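Trainee: Before anything else, here's the structure in question.
The values are calculated or read from the model by the stated rules, or taken from the named source; none is laboratory data. Model, not experiment: these values are computed from the prediction. Please note: Cβ atoms are built from the backbone with ideal geometry, for glycine as well, and neighbour counts cover all protein chains shown. Ligands, DNA and RNA are stripped out before the accessible areas are found, and what is left, the full protein with its side chains, is counted by its heavy atoms. Shrake-Rupley method; radii C 1.70, N 1.55, O 1.52, S 1.80 Å.
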There are 2 protein chains.
Amino acid sequence: MIKKYDLDAFVISGPGHGAPGLISNFYLEGVWSETYPNTSEDKEGMQQFFKKFSFPGGHGSHMTPEVVGSIHEGGELGYSLSHAFGAVFDHPKTIALTIVGDGESETGPLATSWHSNKFLNPIKDGCVLPVLHLNGYKINNPTILARIEEEELLSLMRGYGWTPYVVAGNDLESMHQAMAATMDTCVKEILKHQKTARESGKAFRPRWPMIILRSPKGWTAPRKNDAGQFLEGFWRSHQVPLTKVLNDPEQLNMLEQWMRSYRPEKLFGKEGKLIPELRELAPTKGHRMSENPITNGGLLRRPLRLKNFRDFALKVDKPGVTSGPSMSTFADFLYTIVRDNQESFRVMGPDETESNKLGKIYEAGKKVWVNGYLPEDEDGGNLSPEGRVMEMLSEHTVEGWLEGYILSGRHGLLNSYEPFVHIIDSMVNQHAKWIEKSLEVSWRQAVSSLNILLTSTVWRQGKYSFTALVDSTLTTTQTTTASLIRTPVSSLSS
Amino acid sequence: MIKKYDLDAFVISGPGHGAPGLISNFYLEGVWSETYPNTSEDKEGMQQFFKKFSFPGGHGSHMTPEVVGSIHEGGELGYSLSHAFGAVFDHPKTIALTIVGDGESETGPLATSWHSNKFLNPIKDGCVLPVLHLNGYKINNPTILARIEEEELLSLMRGYGWTPYVVAGNDLESMHQAMAATMDTCVKEILKHQKTARESGKAFRPRWPMIILRSPKGWTAPRKNDAGQFLEGFWRSHQVPLTKVLNDPEQLNMLEQWMRSYRPEKLFGKEGKLIPELRELAPTKGHRMSENPITNGGLLRRPLRLKNFRDFALKVDKPGVTSGPSMSTFADFLYTIVRDNQESFRVMGPDETESNKLGKIYEAGKKVWVNGYLPEDEDGGNLSPEGRVMEMLSEHTVEGWLEGYILSGRHGLLNSYEPFVHIIDSMVNQHAKWIEKSLEVSWRQAVSSLNILLTSTVWRQGKYSFTALVDSTLTTTQTTTASLIRTPVSSLSS
């Protein structure tokens, strides 16, 4: 598709331990060996590639920072779609192919993040093409979406505002053809909607396409192990399907037959390099998914245009006498940041920007709302498809958007009341872990800090409270953890 | 409906600051004054009732512990449905009328909790009747579900597995009639499905009914304030619609007209007591929603049947020599608890009970799975509609179920890997806050502790690790905060 339509695309993989399918392709298209020359495209390199998989000092079974082409580790499930949307906002050419596991689909954050399509401007933003991959099982359980009736599932996806296409089966050849044809249909639909919106200049909300892929868990594994237990198409194929190969010759034989079923002798030359006919199927250098600069966002990052924040300070003539509002003072500064960085800075929040006294920023950028307007919205609604402020009552989704936006090379800030920000504790932990690990990966370029403005911190004060804006605020320097701006607010009014 | 069908029902209110509509009814049906005699059913009592609303020492604008008939405060949004389901599990006669705000509906935890219907056994459990109340606005923003097309919304609800009924409008009289008729239809449907399942003895998953209620935000408020800004039907009616009544005679007049539009002189006698004709509409004593013992679960709570946990200890003859597994040792004890408390103890978890080495408990109670079976499930699937273990890959939902189950007078345990349990940090905080506050409310009876088993804590050890089961484990005594059992596990295998 990238070659056929000259796409700017990358991939996000949500499923737990779902990295192998992508990493192997990143190796086959050459990017892995270019990034890690010791893992060369020959027998020795391939062996090292296998050995480093899910091994200390190597790379994880998730899409960890060591993995080329990744901005989304997974592990803690739920954020693949919100990260994908964050990455394509203000990247009008980009398509994020996003694989959502059916385990992940049960999480709350993922369940509501399907609604991100209501906040995508088809003119100024790129697009997300989700693949809901129903292999039917989690670690030890069936999954909800794989077991409900087909009509129920289609109804759910339509209700979320998507146009679902189903690719289902287990015959390798026909499934490959069906997937290719469906992907083609979806890409053409995306391009058509974008063309309509961009030529007319009118933003609307298309029912964007998405793919429901039903394939067996552990596809190509033996259907049963030597004990007669199901492997392929059952949860026993999770992680290590054949556990006794080191000591059990029969299992070792099963494993060998399974591996040989891929016919490696037809795919690789004598030295262990992919044969040229297959290699040519991949996009040319500079266009491969795993080298998309969006997935190493520091490469794209430009400094924010910033005024000197000292110029916005409340003037204090005598200690203990002057008083003034904290948040609205800060809003004057934040307003200039929004105004001067219209394509690289967004403000996120669950629904508290106005009640946090930051309403001034709406003069520089309204709230993103693509369609579904009422006359009342004229009365201070501050809505626009071209807004710069994003408000959805899902802390998980706005935090996921912000992380995706930052990791793909831009800047932003999330504001929320301190009592409710704990909702995204674990997300901030995971982001900090990603950043910390990224510092050990030589080719990863620094991204902007994750700015979270906590309001109404610790206690409620009287009419006024102090503002603690320190030098680290809103800098664009490399940070290893989230920079939390703790600013008490004068009144809490939600 | 309670009178007509002799129902056992209570109500959960999700919307932020959504308490007034319920609290006023609890006062009108008499329970409030019986519980708080100073707030009597006369002018003085009513005035005190008004003054204590959202006031220190009084009760909140959410359904706080001081409010009769409540097990769900709200405030932090997202848990109304999971709490409701938790409360009706193993309460076969109970219907939880559950009001979901359209703000709350945007949260992740709420979005996935619609799927709780897949875990409800129509024979042994009660039922949840959700009312998705679309008043169209959050604090300062329109809501997603109120602005998508009707067909999209209906499709979404059907996709979640519900049968939606729409009640929409703003004419008071016809809306009351429509709501009453729709409620009647829904209750009859619920009773019909329960009858079918219970008479046949076959559990199935009905497409349970739910109601979509579209009514104006700030319904009955003036359409516009004196500045010409929209109030009724717009977000400006959030919280305090008329803010200047103390100083502005014109606004005071608007407020008076608004209040008089309720015609209090026709509703109350001279002393300020509701007239008998209206009072008789409420259910009789013992059946009113706000006195349902489920909402003061300690009243219903019975001690767990427990073996002496010391009998399950690993025998240690010499220090530093004996080694053994922690989790599977604990599982022998937990197995007896599940076995001996088949109607009052459930184990929850995202999908880690087996990999946490607790699989032994499936011998006493399988995993709840109501329908959608495949032949492979016979291969160690451990699924049953009558299971006692509940696994859904949503930490939010299983924690919400457990909280609802405990608050309605039962016992339970949630197990999860420590790295992922942070996902529900804020929920545990909120639950602890509820318990802490409940201790100050004289009529609230103590509920069981919230037992969370964190596995793989702090570090991964070798083959074996120690088990830290202390006396406080799984007791049923009153606790002020969640009791966390920290038990390292020998191997982490997800």
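Trainee: Residues being within 11 Å of chain B (Cβ to nearest Cβ), charged (D, E, K, R) and in contact with a helix residue (DSSP H, G or I) (Cβ under 7 Å, 6 or more places away or on another chain): count how many of those fall in region A:205-249.
Mentor: 2
Trainee: Further question on the same structure: Can you pull out every residue in region B:116-137 that is open to solvent by 10 Å² or more (accessible area, probe 1.4 Å) and either within 7 Å of chain A (Cβ to nearest Cβ) or over 30 Å from A:PRO375 (Cα atoms) (or both)?
Mentor: Across region B:116-137, the qualifying residues are B:LYS118, B:ILE123, B:LYS124.
Trainee: Let me ask something additional. Give the residue, chosen from B:SER448, B:SER416, that is modelled with pLDDT under 95 and crowded, with 22+ Cβ neighbours inside 10 Å.
Mentor: B:SER416
Trainee: If you don't mind, another one. So in region B:336-346, with the set limited to residues that are of a type outside the set (D, E, K, R) and under 21 Å from B:TRP401 (Cβ atoms), which one is surrounded by the most Cβ atoms within 10 Å (Cβ to Cβ)?
Mentor: If we take residues in region B:336-346 being of a type outside the set (D, E, K, R) and under 21 Å from B:TRP401 (Cβ atoms), then B:PHE345 is surrounded by the most Cβ atoms within 10 Å (Cβ to Cβ).
Trainee: For region A:392-425, give me each residue that is more than 12 Å from the chain's Cα centre (by Cα), more than 8 Å from every other protein chain (Cβ to nearest Cβ) and not in a helix (DSSP H, G or I).
Mentor: Scanning region A:392-425 gives A:GLY409, A:ARG410, A:HIS411, A:GLY412, A:LEU413, A:LEU414, A:ASN415, A:SER416, A:TYR417.
Trainee: Out of all the residues in region B:30-51, is one or more crowded, with 20+ Cβ neighbours inside 10 Å, in contact (Cβ under 8 Å) with a residue 60 or more places away in the chain, assigned by TED's automatic domain parsing to the domain that holds B:SER290 and in contact with a Leu (Cβ under 6 Å, 6 or more places away or on another chain)?
Mentor: Checking region B:30-51: not a single residue is crowded, with 20+ Cβ neighbours inside 10 Å, in contact (Cβ under 8 Å) with a residue 60 or more places away in the chain, assigned by TED's automatic domain parsing to the domain that holds B:SER290 and in contact with a Leu (Cβ under 6 Å, 6 or more places away or on another chain).
Trainee: Hey, does region B:454-465 have a residue that's in the same structural domain as B:GLY349 (by TED's automatic domain parsing), open to solvent by 60 Å² or more (accessible area, probe 1.4 Å) and at pLDDT 80 or above?
Mentor: No, because not a single residue in region B:454-465 is in the same structural domain as B:GLY349 (by TED's automatic domain parsing), open to solvent by 60 Å² or more (accessible area, probe 1.4 Å) and at pLDDT 80 or above.
Trainee: Applying the selection to region A:143-174, what residues are more than 9 Å from every other protein chain (Cβ to nearest Cβ) and open to solvent by 10 Å² or more (accessible area, probe 1.4 Å)?
Mentor: If the condition is that a residue be more than 9 Å from every other protein chain (Cβ to nearest Cβ) and open to solvent by 10 Å² or more (accessible area, probe 1.4 Å), then A:GLU150, A:THR163, A:PRO164, A:TYR165, A:VAL166, A:ALA168, A:GLY169, A:ASN170, A:ASP171, A:LEU172, A:GLU173, A:SER174 are the ones that fit.
Trainee: Here's something else I'd like to know. So B:ARG346 passes all but one of these: (1) under 30 Å from A:GLN229 (Cα atoms); (2) more than 24 Å from the chain's Cα centre (by Cα). Which condition number does it fail?
Mentor: (2)
Trainee: Shifting gears a bit: What do you reckon, is B:SER70 touching a Ser or Thr at 6+ places or on another chain (Cβ under 9 Å), at pLDDT 95 or above and under 11 Å from B:SER290 (Cβ atoms)?
Mentor: Answer is yes for this residue.
Trainee: Tell me, which helices (runs of 4 or more DSSP H) lie completely within region A:66-183 with 2 or more residues that are among the acidic types (Asp, Glu) and under 30 Å from B:GLY349 (Cα atoms)?
Mentor: A:150-159
Trainee: Ok, one more. Given the conditions (1) buried (at least 21 other Cβ atoms within 10 Å of the Cβ); (2) touching a helix residue (DSSP H, G or I) at 6+ places or on another chain (Cβ under 8 Å), which single one is not true for B:ALA19?
Mentor: Unmet condition: (2).
Trainee: Being assigned to a loop (DSSP other than H, G, I, E, B) and aliphatic (A, V, I, L, M) is the filter; apply it to region A:1-59 and report the residue that is nearest to the chain's Cα centre (by Cα).
Mentor: Out of the qualifying residues, it is A:LEU7.
Trainee: Among what's in region B:66-109 and is buried (at least 24 other Cβ atoms within 10 Å of the Cβ) and among the polar types (S, T, N, Q), pick the residue that is farthest from B:ARG198 (Cα to Cα).
Mentor: Looking at residues that are buried (at least 24 other Cβ atoms within 10 Å of the Cβ) and among the polar types (S, T, N, Q), I get B:THR107.
Trainee: If a residue has to be open to solvent by less than 30 Å² (accessible area, probe 1.4 Å) and out of contact with any Gly (no Cβ under 9 Å at 6 or more places or on another chain) to count, how many in region A:263-299 make the cut?
Mentor: 1
Trainee: More than 8 Å from chain A (Cβ to nearest Cβ) and surrounded by fewer than 22 Cβ atoms within 10 Å (Cβ to Cβ), is that true of B:ASN140?
Mentor: Taking the combined requirement at face value, the residue does not satisfy it.
Trainee: Next question. Just name the residue that is nearest to the other protein chains (Cβ to nearest Cβ) out of those in region A:333-381 that are of a type in the set (Ser, Thr, Tyr) and in contact (Cβ under 8 Å) with a residue 12 or more places away in the chain.
Mentor: So the residue we want is A:SER355.
Trainee: Just to be sure, is A:SER113 open to solvent by less than 10 Å² (accessible area, probe 1.4 Å), within 9 Å of chain B (Cβ to nearest Cβ) and closer than 23 Å to A:LYS433 by Cβ?
Mentor: It is true that A:SER113 is open to solvent by less than 10 Å² (accessible area, probe 1.4 Å), within 9 Å of chain B (Cβ to nearest Cβ) and closer than 23 Å to A:LYS433 by Cβ.
Trainee: Follow-up question, since we're still on this one. When you check B:VAL370 against the structure, is it β-branched (Val, Ile, Thr), within 21 Å of B:VAL338 (Cα to Cα) and in contact with a Lys or Arg (Cβ under 6 Å, 6 or more places away or on another chain), yes or no?
Mentor: Spelling it out, B:VAL370 is indeed β-branched (Val, Ile, Thr), within 21 Å of B:VAL338 (Cα to Cα) and in contact with a Lys or Arg (Cβ under 6 Å, 6 or more places away or on another chain).
Trainee: Next up: Taking region A:309-343 as the region of interest, how many residues are out of contact with any helix residue (DSSP H, G or I) (no Cβ under 9 Å at 6 or more places or on another chain) and farther than 14 Å from A:GLY359 by Cα?
Mentor: Number satisfying all stated conditions: 15.
Trainee: Output the number of the condition that A:GLU343 fails; it satisfies all remaining conditions of (1) of a type in the set (D, E, K, R); (2) under 22 Å from A:TYR417 (Cβ atoms); (3) not in a helix (DSSP H, G or I).
Mentor: (2)
Trainee: Any chance you could count how many residues in region A:364-379 are open to solvent by less than 30 Å² (accessible area, probe 1.4 Å) and part of a loop (DSSP other than H, G, I, E, B)?
Mentor: 6
Trainee: If I go through region B:206-241 residue by residue, how many of them are among the basic types (Lys, Arg), buried (at least 19 other Cβ atoms within 10 Å of the Cβ) and in a loop (DSSP other than H, G, I, E, B)?
Mentor: Residues meeting the conditions: 1.
Trainee: Right, here's the next one. Take A:ARG279 and decide whether it is out of contact with any Pro (no Cβ under 9 Å at 6 or more places or on another chain) and closer than 30 Å to A:LYS224 by Cα.
Mentor: no
Trainee: Let me ask something else. Between a first residue in region B:243-261 that is in the same structural domain as B:ALA221 (by TED's automatic domain parsing) and a second residue that is open to solvent by less than 100 Å² (accessible area, probe 1.4 Å) and assigned to a helix (DSSP H, G or I), which pairs have beta carbons less than 6 Å apart while being 6 or more apart in sequence or on different chains?
Mentor: Once the first residue is in the same structural domain as B:ALA221 (by TED's automatic domain parsing) and sits in region B:243-261, its partners that are open to solvent by less than 100 Å² (accessible area, probe 1.4 Å) and assigned to a helix (DSSP H, G or I) give B:LYS244/B:GLN251; B:VAL245/B:GLN251; B:VAL245/B:LEU252; B:VAL245/B:LEU255.
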